[in-house]
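Below is one structure, written out as structure tokens; the observations come after it.
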Amino acid sequence: MASNGFWNEEIETMKRSDLEKLQVERLRKTVEIAQHSPYYSEVFKKNNITPESIKSLEDLQRFPFTTKEDLRSHYPFGLVLVPMEKVVRVHSSSGTTGNPTVVAHSQKDLDEWAEQVARCMYMVGCRNTDVFQNTSGYGMFTGGLGYQYGAERLGAVTVPAAAGNSKRQIKFIMDFGTTVIHAIPSYATRLAEVFYEMGIDPKKDTKLRIFCLGAEPHSEEQRQRIEQLFGIKAYNCFGMSEMNGPGVAFECKEQNGLHVWEDYVIPEILDPVTLQPVPEGEVGELVLTTINREAMPLFRYRTRDLTRFIPGDCPCGRTHRRLARFQGRSDDMIIVKGVNIFPIQIERILMGFKELGMNYLITIDTISNNDEMQVEVEIGDNMRIDDYPTLQNLTKEITRQLKDEILLTPKVKLVEKGSIPQAEGKAVRVKDFRKNH
Ligand code: COA
Ligand code: AMP
Ligand code: ZN
């Protein structure tokens, strides 16, 4: 299928008017699938939505938004539209204290997702002659299996190394002749550090040539630093579990914006308060509608991610619109080591300990190229700060429960009552000192 440097030339370079026609057709088809489900039949009735009524992209305005809370309140399979016999995989967010968000996929959904990721990788020059190593967590993290199937579809040799153990990552890179690597930006710098500690220069001593970066916010400066450390090109990948995972939007070789694949999603950029479209080119919240998914399509999903459309055509010839580098979120979600965390998850765990007071502070910082999270919490009236054995055991148990909840290991510090400064009004619970977040 690949030709002229495109994985799927016909789709990637489709005339805008044809692409919009395809989007309308696919939206109509998605409504057809959804209309028989108990949930959507109600929603559609209330908003006069029928497949026949979908005539142009304007009709999307009649759909209500879908939020993370909708996914949580339909946990686990309330938004699945196909019989469960057709579902072959679920992905889910972290956490046990509330309902996680779950996305279910049919085999067709997974095939389409693999195509989408292969298209992204091919766009930046990956070929079936490459050796692709993935440092994302596998299991429920979509960066693992998402890239895995995409790279296999491309025909590359895949090395599913998964997260952690940097020395082992480097051994694989050296021994297998890895040429393409996927890592989150903060881990890329950690990996470079371990390379240099081992006396290996990733610029000269490896075959690495392409870096796929994503899953967390990062600046242009951070990208350039990674490119210099490794002596290769690094490309920005945007994705989210609710939209499958990696591959929703990806930078082309121009490195000036991420093409959002509009045959898979209809993107809107809206004012997060008024929920009306912002003028073309201005920053707002990205809202996405899936139009190529059957098991669990989502209409007007509020991503909470802030970005803007880059106006104009891309010199690469692709007609799918470009999103600018992401500028943060409109909610309080934080991403540490590629893991999404809501402060409320931490609060719920802490408040479960009767030995603790009400005040806590989460501090995130980069310490010798590693992102670290510290959770300081005041002890309650029934505890003494000099009772070391009790405090030590308590710290261990809090750390364990937090790790179970947020999937990374925070440094827990118990402090005396009154020692965490209290802000007037709304308490400051999170201090993020990382440069790029
Ligand atoms: N990707 C890959 N490896 C990572 C990483 C990341 N995002 N963040 C940290 N690591 C490495 C560390 O460098 C360390 O290895 P090293 O000491 O050999 O260099 C090892 O993982 C353990 O890290 P540590 O910080 O001690 O552990 P933790 O318990 O706090 O975190 C992780 C555990 C890293 C396993 C967990 O945070 C994780 O799975 N992150 C990956 C999430 C992911 O893949 N996100 C992509 C979603 S699309
Ligand atoms: P997850 O569902 O775990 O894949 O996390 C998705 C979230 O990660 C998104 O909603 C964004 O907030 C963030 N994210 C993913 N890719 C990027 C990127 N390239 N730049 C900035 N943030 C990103
Ligand atoms: Zn382009």
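The values are calculated or read from the model by the stated rules, or taken from the named source; none is laboratory data. Just so it is clear, the structure is predicted and the values come from calculations on it, not from any experiment. Virtual Cβ from ideal backbone geometry, glycine too; neighbours counted across all protein chains shown.
I'm trying to understand the selection: among the residues of segment 321-335, which are within 16 Å of ligand 3 (Cβ to nearest atom) and not basic (K, R)? Matches in segment 321-335: L323, A324. Looking across segment 239-257, the residues that are within 15 Å of ligand 1 (Cβ to nearest atom) and either surrounded by fewer than 23 Cβ atoms within 10 Å (Cβ to Cβ) or more than 14 Å from the chain's Cα centre (by Cα) (or both) come down to M240, S241. Per the conditions (1) modelled with pLDDT under 95; (2) within 16 Å of ligand 1 (Cβ to nearest atom), the sole criterion not satisfied by G328 is (2).
Considering segment 352-374, and only residues there that are more than 15 Å from ligand 1 (Cβ to nearest atom) and of a type in the set (A, V, I, L, M, F, W, C), the residue that is surrounded by the most Cβ atoms within 10 Å (Cβ to Cβ) turns out to be L356.
Of all residues in segment 131-138, at least one satisfies being in the same structural domain as M240 (by TED's automatic domain parsing) and away from ligand 1 (no atom under 12 Å from the Cβ).
The condition (being within 16 Å of ligand 2 (Cβ to nearest atom) and on the phi > 0 side of the Ramachandran plot) is satisfied by just one residue among A215, A163, A188: A215.
In the list I385, I364, which residue meets the criterion of being of a type in the set (V, I, T) and touching a His at 6+ places or on another chain (Cβ under 9 Å)? If you could, list the steps in order and put the result at the bottom.
Working: I385 fails: touching a His at 6+ places or on another chain (Cβ under 9 Å).
Step by step, each of I385, I364 is checked, and only I364 is of a type in the set (V, I, T) and touching a His at 6+ places or on another chain (Cβ under 9 Å).
Return yes or no: is E197 of a type in the set (D, E, K, R), surrounded by fewer than 23 Cβ atoms within 10 Å (Cβ to Cβ) and in contact (Cβ under 8 Å) with a residue 40 or more places away in the chain? Taking the combined requirement at face value, the residue does not satisfy it.
Scanning segment 62-120 for residues that are among the hydrophobic types (A, V, I, L, M, F, W, C) and under 13 Å from E294 (Cα atoms) turns up L79, V80, L81, V82, M84, V87, V88, V103, A104, L110, W113. Of the residues V180, V194, the single one that is of a type in the set (V, I, T), away from ligand 3 (no atom under 16 Å from the Cβ), assigned by TED's automatic domain parsing to the domain that holds T135 and out of contact with any Phe, Trp or Tyr (no Cβ under 9 Å at 6 or more places or on another chain) is V194. Looking only at segment 154-177, filter to residues that are of a type outside the set (A, V, I, L, M) and touching a Ser or Thr at 6+ places or on another chain (Cβ under 7 Å); which one of those is nearest to ligand 1 (Cβ to nearest atom)? If we take residues in segment 154-177 being of a type outside the set (A, V, I, L, M) and touching a Ser or Thr at 6+ places or on another chain (Cβ under 7 Å), then Q169 is nearest to ligand 1 (Cβ to nearest atom). Restricting the search to segment 147-181, which residues are closer than 22 Å to G338 by Cα, surrounded by fewer than 16 Cβ atoms within 10 Å (Cβ to Cβ) and not polar (S, T, N, Q)? Result: G164, K167, R168. Only one entry of V117, V90 meets the criterion of being within 16 Å of ligand 1 (Cβ to nearest atom), free of Cβ contacts under 8 Å to residues at least 60 places away in the same chain and under 21 Å from the mean Cα position of the chain (by Cα), and that entry is V90.
Out of curiosity, is I346 surrounded by 19 or more Cβ atoms within 10 Å (Cβ to Cβ), in contact (Cβ under 8 Å) with a residue 24 or more places away in the chain, within 16 Å of ligand 1 (Cβ to nearest atom) and not assigned by TED's automatic domain parsing to the domain that holds S3? Can you show your working first?
Values: surrounded by 19 or more Cβ atoms within 10 Å (Cβ to Cβ): yes; in contact (Cβ under 8 Å) with a residue 24 or more places away in the chain: yes; within 16 Å of ligand 1 (Cβ to nearest atom): yes; not assigned by TED's automatic domain parsing to the domain that holds S3: yes.
When the stated conditions are applied, I346 passes them.
Scan segment 198-212 and tell me whether some residue there is near ligand 1 (Cβ under 10 Å from one of its atoms) and either over 30 Å from A104 (Cα atoms) or modelled with pLDDT of 95 or more (or both).
So far as segment 198-212 goes, no, none of its residues is near ligand 1 (Cβ under 10 Å from one of its atoms) and either over 30 Å from A104 (Cα atoms) or modelled with pLDDT of 95 or more (or both).
Tallying residues that are of a type in the set (V, I, T) and either more than 10 Å from ligand 2 (Cβ to nearest atom) or touching a Lys or Arg at 6+ places or on another chain (Cβ under 8 Å) (or both) within segment 292-340 yields 4.
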